[in-house]
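Student: Sending over a structure as structure tokens; questions will come in a sec.
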Amino acid sequence: MCVLCFSPYGVLRGPNCRPQLRYVSNQTLKRYSGKVIRIHRADYGRSDRTTCSQGRPSEQLQNVNCAASTTNDHVAQMCNGKSHCSVTASNSVFGDPCGGTYKYLQVSYSCEPIPIGTHVYLNEHLTMRTFYSGKVIRIHRADYGRADRTICSQGRPSEQVQNVNCAASTANDLVAQMCDGKSHCSVSASNSVFGDPCYGTYKYLQVSYSCESQW
């Protein structure tokens with residue numbers, strides 16, 4: 001977890017799974033092989049009266065229900081899958097969720113192995129396996145539905161590939177439950193497993209995963 005008060009840059013990097021915060025205006029960071037950033041949660045606003053409060057007038061600290069709704073998605077878009085990233089804690093990036101309140105950016109993240117690949121499956125079983133002793137599967141993301149009009153579209157009527165806001169909300173949790181921590185697993189890309197998030201749309205299962213040390 002790191003907290004960045006209004007204005008300076010926070011630099012996230014992924015060397016040894018030990019998150020660090022740098023209060024610098026700019027810095028060039030060496031790329032470390034094998035580790036990338038994964039954002040767990042990001043909040044811009046104010047949720048208590050003590051964080052980043054030193055030297056601030058009391059009236060700027062009273063609103064503790066202040067949060068920019070797009071913060072998590074915005075930081076994840078800038079940082080997920082990268083070895084380092086810079087984020088400015090300012091209204092120019094996140095908007096001003098509460099005028100007159102002194103805000104800060106709070107980020108929880110980890111450094112994870114680079115996913116070995118993203119695989120797409122439809123109407124069939126996805127089998128994932130590790131080929132090295134002591135390695136197990138770690139699911140980074142799983143989506144069942146449709147996010148664009150080109151994937152798994154060959155031979156399909158156009159009306160079946162138009163809805164690109166189709167996603168089964170439980171896909172990530174279900175695949176993680178079936179596969180995380182195992183040396184191999186098999187998942188069926190079908191409505192019978194994930195439900196039908198958008199009737200009439202031709203759906204597919206997309207999974208990003210890596211093989212990690214068991215201990």
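The values are calculated or read from the model by the stated rules, or taken from the named source; none is laboratory data. The structure presented is a predicted model; accordingly, all values stated were derived computationally and were not measured. Positions of Cβ are backbone-derived with ideal geometry, glycine not excepted, and every protein chain shown enters the neighbour counts. Just the protein is used for accessible areas: all its heavy atoms, side chains included, with ligands, DNA and RNA removed. Shrake-Rupley method; radii C 1.70, N 1.55, O 1.52, S 1.80 Å.
Student: Show the residue pairs meeting these rules: Cβ distance below 9 Å; 6+ apart or different chains; first residue within the stretch 23-50 and closer than 23 Å to Asp73 by Cα and surrounded by 13 or more Cβ atoms within 10 Å (Cβ to Cβ); second residue among the polar types (S, T, N, Q) and at pLDDT below 50.
Tutor: Listed by first residue and then by second, the contacts come to Lys35/Asn16.
Student: Hey, another quick one. Could you count how many residues in the stretch 40-73 are over 17 Å from Pro97 (Cα atoms), in contact with a strand residue (DSSP E or B) (Cβ under 7 Å, 6 or more places away or on another chain) and of a type in the set (D, E, K, R)?
Tutor: Residues in the stretch 40-73 being over 17 Å from Pro97 (Cα atoms), in contact with a strand residue (DSSP E or B) (Cβ under 7 Å, 6 or more places away or on another chain) and of a type in the set (D, E, K, R): 1 in total.
Student: So which residues in the stretch 194-215 are surrounded by fewer than 18 Cβ atoms within 10 Å (Cβ to Cβ) and among the small types (Gly, Ala, Ser)?
Tutor: Listed by number, the residues that qualify are Gly195, Gly200, Ser208, Ser213.
Student: Taking the condition of being in contact with a Ser or Thr (Cβ under 6 Å, 6 or more places away or on another chain) and open to solvent by 50 Å² or more (accessible area, probe 1.4 Å), how many residues in the stretch 160-193 meet it?
Tutor: 3
Student: Whether any residue in the stretch 70-84 is among the β-branched types (Val, Ile, Thr), modelled with pLDDT of 85 or more and touching a helix residue (DSSP H, G or I) at 6+ places or on another chain (Cβ under 6 Å) is what I want to check.
Tutor: yes
Student: Okay, moving on. Filter the stretch 173-215 for residues that are among the hydrophobic types (A, V, I, L, M, F, W, C), assigned to a helix (DSSP H, G or I) and farther than 14 Å from His140 by Cβ and give the result.
Tutor: Within the stretch 173-215, Leu174, Met178, Val193, Phe194 qualify.
Student: Still on this structure, please answer the following. Kindly establish whether Tyr109 is part of a loop (DSSP other than H, G, I, E, B), touching a Leu at 6+ places or on another chain (Cβ under 9 Å) and either within 30 Å of Ser153 (Cα to Cα) or at pLDDT 75 or above (or both).
Tutor: no
Student: I would also like to ask the following. Under 6 Å by Cβ, and 6 or more places apart or on different chains, what pairs join a residue from the stretch 160-186 that is at pLDDT below 90 with one that is assigned to a helix (DSSP H, G or I)?
Tutor: Short answer, once both residue conditions are applied: Cys185/Met178; Cys185/Cys179.
Student: How many residues does the stretch 151-172 contain that are in contact with a Gly (Cβ under 7 Å, 6 or more places away or on another chain) and part of a loop (DSSP other than H, G, I, E, B)?
Tutor: 1
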